[in-house]
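What follows is a set of notes on a single structure, which appears directly below.
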Amino acid sequence: MKKLPLLLCCCAAAWTAPVRFQQSGFAADAGGKPEGWTTWSARAETAPRTFVDPQRYRTRLGSLAISGTGNAAEHGGWERRISGVEPQQWYRFTAYYRTEAVSCESWQVVARLDWRTAAGGRAGQPDYVYRAVREGAWTKLWVEAPAPEKAVAVVVQLYLSNAPQGTVWWDDLSLEPIVAPGNRNVTIVSVNLRPANTVSAAASVGQFLAAAEKLAPEKSDVILLPEGITVVGTGKTYADVAESIPGETTARLGELARKRHAYVAAGIYEREGAAVYNTAVLIDRAGNVAGKYRKVYLPREEVEAGLTPGFDYPVFRTDFGTVGLMICYDVFFADPARALASRGAEMVLMPIWGGDETLAKARAIENKVFLIASGYDHPTYVMDPDGERLSIAPQRGTAAVATIDLNRRYLDPWLGDMRGRRLRELRLDVQPPVPGMER
């Protein structure tokens, strides 16, 4: 008897085991398709070539292949319906792929979970399989998501989109139930303070540290201070207060971090050789420098004052999740927040002097990240991925305090989980023209 790759077991008539699916080693039947698999395209004239390739595979002989066959309108590929899905049960889907002549696989290589009702219609919205990591010649894709209400089945969709010269091979597929993730709560404290007439960087920093100790509740996880805490209120220039990292200010921030057992982020000015950077630092709970970000977008005023721009958007792994940093003028441009989200940032900490509130809200919404701001001429707040302020500190000497859940899913009722979907639909291959360059 032929062994089916879809494994279902039942230990009692009144109880059905959670669906489990695993398949590799694909073999074509007389119709050219592996058992249980069909092909799909919106129109016959856009259908790709789908075939089982015995020459390219990851672990066992045979993979699911899709080729564009020179057709720029090509879109489609393989599908398989898996029954036995339980509504609200969480599942992890994993797939591996490799490509050839695919110019922008982030959107041209598509894996989705299309949940279905008993009547065959859609249950909720499809989940895009968006998390990825390279493993040699193959890329591992995975997603963890709950089956929507009324879902009894899921259609696994593996596509190639508008890649006329390209080919993708799919292998080692699995769908397994997982324990629903609990809340991943993080308590954020964003301080609203603007020292004045302090004369020295040390005095200004001292006021911030005192305020943070006073305002941060017990068991805070992140304390955010504004941009330029070493220059505000001093009357000094950026170069006057610039220092190395690690240095005196990061050591003092480290003392606060150790005392409160919290991450601390703040904007300071960094010197490296002749360069002075507008830098945000992240200090870990033990008081060590966990990372730094050098402001990429410098306004004219900072360039004229002698600052040097940064050239990267790093993210930092903490004990509660992945954090990105932006500084002030970065909020006027789409790419900093987009780059941080693309690298996995769930939360963006933004020390800021002043900036456009509407654009700040847009950055949270378009990237589905928590955005936390600590500012002088910009409000101090904790904002959720829907652009809603969960807490705001309207007065000096106060703090916006909120406990957020990084495991909460923020779903659009019509479009689904836009965090994963946008990452898989973003057109990085369509480059904008040189700004101001007329044809």
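The values are calculated or read from the model by the stated rules, or taken from the named source; none is laboratory data. Please read these numbers as outputs of a predicted model, since none were measured by experiment. Cβ sites come from the backbone with ideal geometry, for glycine too, and all protein chains shown count toward neighbours. To get the accessible areas, we keep the full protein, side chains included, count just its heavy atoms, and leave off ligands, DNA and RNA. Shrake-Rupley method; radii C 1.70, N 1.55, O 1.52, S 1.80 Å.
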Does Lys259 meet the test of being within 23 Å of Asn185 (Cα to Cα) and either over 14 Å from the mean Cα position of the chain (by Cα) or of a type in the set (Lys, Arg) (or both)? yes
Out of the residues in the stretch 350-365 that are in contact with a helix residue (DSSP H, G or I) (Cβ under 7 Å, 6 or more places away or on another chain) and part of a helix (DSSP H, G or I), state the one that is surrounded by the fewest Cβ atoms within 10 Å (Cβ to Cβ). Leu359
Just to be sure I understand, how many residues within the stretch 216-243 are part of a loop (DSSP other than H, G, I, E, B), at negative phi, exposed (fewer than 15 other Cβ atoms within 10 Å of the Cβ) and over 30 Å from the mean Cα position of the chain (by Cα)? 1
Looking for something free of Cβ contacts under 8 Å to residues at least 40 places away in the same chain and assigned to a strand (DSSP E or B) - is there at least one such residue anywhere in the stretch 177-186? no
With the requirement that a residue be part of a loop (DSSP other than H, G, I, E, B), at pLDDT 95 or above and hydrophobic (A, V, I, L, M, F, W, C), what does the stretch 1-27 give you? Phe26, Ala27
What about Ala202, is it open to solvent by 40 Å² or more (accessible area, probe 1.4 Å) and touching a residue at least 12 places away in the same chain (Cβ under 8 Å)? yes
Just to be sure I understand the filter: pairs with C-beta atoms under 7 Å, separated by 6 or more residues or on different chains, first member in the stretch 118-142 and under 17 Å from Gln157 (Cβ atoms), second member aliphatic (A, V, I, L, M) and modelled with pLDDT under 95. Which pairs pass? Gln125/Leu415; Tyr130/Leu423
Scanning for something in contact with a strand residue (DSSP E or B) (Cβ under 9 Å, 6 or more places away or on another chain) and within 30 Å of Ala400 (Cβ to Cβ), does the stretch 164-181 turn up at least one residue? yes
Which of the strands (runs of 3 or more DSSP E) found entirely inside the stretch 366-432 contain at least 3 residues meeting this: open to solvent by less than 20 Å² (accessible area, probe 1.4 Å), among the hydrophobic types (A, V, I, L, M, F, W, C) and in contact (Cβ under 8 Å) with a residue 12 or more places away in the chain? 370-375, 398-405
